[in-house]
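Comments concern the structure below.
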Amino acid sequence: MKRILLATLIFPIAIVAAPGGTMADPSHLAETWVREAVKLGKARGIEGLVAEVQNPAGKFWPAMPEMDPELTIYSSSYIVLAVNRPSKHVGMDHAKMPDAEGSPVLKKMRAFAEKSGHGWYEYVGTDALGHPKAYKAYLAIQGGNLIAAVLHK
């Protein structure tokens, strides 16, 4: 009886702590995904990384899209190579995508990532209606490509 009770108590904890986005802290998940994306890019090249990020059965696909980070791979010229969810942005040029001040936010992100290697970058962008919205992104550079896991604040 004690074993059944113990298993009943432990099993829900295992589900909550499971990898792949299930109930994980979004900030921790963003860091983990970016670090894993860098490793995967080194091991399998940009084509392998893009394929894994876009794979609905892959390790980067969000279990909870409304909460999990949006992982995006940008080329060195700010073309969207991959997004870890259905997106019309793949193939689009985001070089001039502005922050709330009108400055190209990806150029600022890239400069930050090149200087720091990786880390958190906070900015104010705009939502789909053009209203200011706070974001934070965990960034890294791999093979000249910018890897960003963005969270809504």
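Coordinate-derived values only; no laboratory data. Nothing here was measured: the structure is a model prediction, and the numbers come from that model. Here the Cβ positions follow ideal geometry from the backbone for every residue, glycine too, while neighbour counts run over all protein chains shown.
For the residue pair Ala128 and Ala63, what label-to-label distance in nm results when each label sits 7 Å from Cα along the Cα-to-beta-carbon direction?
Each label point is offset 7 Å from its Cα along the Cβ direction, giving 2.6 nm.
List every residue whose amide H lies under 5 Å from the amide H of Tyr78, counting only residues 5 or more places away in sequence or on a different chain, with H placed 1.01 Å from N in the peptide plane.
none
Give the long-range amide H neighbours of Gln142: residues separated by 5 or more places, or on another chain, with amide H under 5 Å away, using H modelled in the peptide plane at 1.01 Å from N.
Distant-sequence amide H within range of Gln142: Ile147.
I'd like the FRET efficiency for Val90 and Asn55, computed as 1/(1 + (r/R0)^6) with the beta carbon distance as r and R0 of 22 Å, rounded to 0.05.
Numbers: r = 13 Å, r/R0 = 0.60.
It comes to 0.95.
Name the long-range amide H neighbours of Asn84: under 5 Å, sequence gap of 5 or more, or other chain; modelled H, no Pro or chain starts.
Leu71
Can you list the HN-Hα couplings for region 25-36, worked out from phi with the Karplus curve (6.51, -1.76, 1.60; θ = phi - 60°), rounded to whole Hz and with x for Gly and Pro?
Per-residue couplings from phi come out as 5, x, 5, 5, 5, 4, 4, 4, 4, 5, 4, 5 Hz.
Given the peptides 111-119, 78-86, arrange them by the average over their residues of other C-beta atoms within 10 Å, most packed first.
78-86, 111-119
Residue by residue through region 83-95, what is 3J(HN,Hα) from phi via Karplus (6.51 cos²θ - 1.76 cosθ + 1.60, θ = phi - 60°)? Round to whole Hz and write x for glycine and proline.
Once rounded to whole Hz, the list reads 9, 7, 6, x, 8, 8, 7, 4, x, 7, 8, 10, 4.
Could you tell me what fraction of 2.2 N^0.38 Å the Cα radius of gyration of region 47-153 comes to, as a two-decimal ratio? Spell out each step's value before the answer.
Values: Rg = 13.1 Å, N = 107, 2.2 N^0.38 = 13.0 Å.
This ratio for region 47-153 stands at 1.01.
Quick one: 3J(HN,Hα) in Hz for region 56-72, Karplus 6.51/-1.76/1.60 with θ = phi - 60°, rounded, Gly and Pro as x.
x, 9, x, 6, 9, 6, x, 6, 10, x, 6, 10, 6, x, 8, 8, 10
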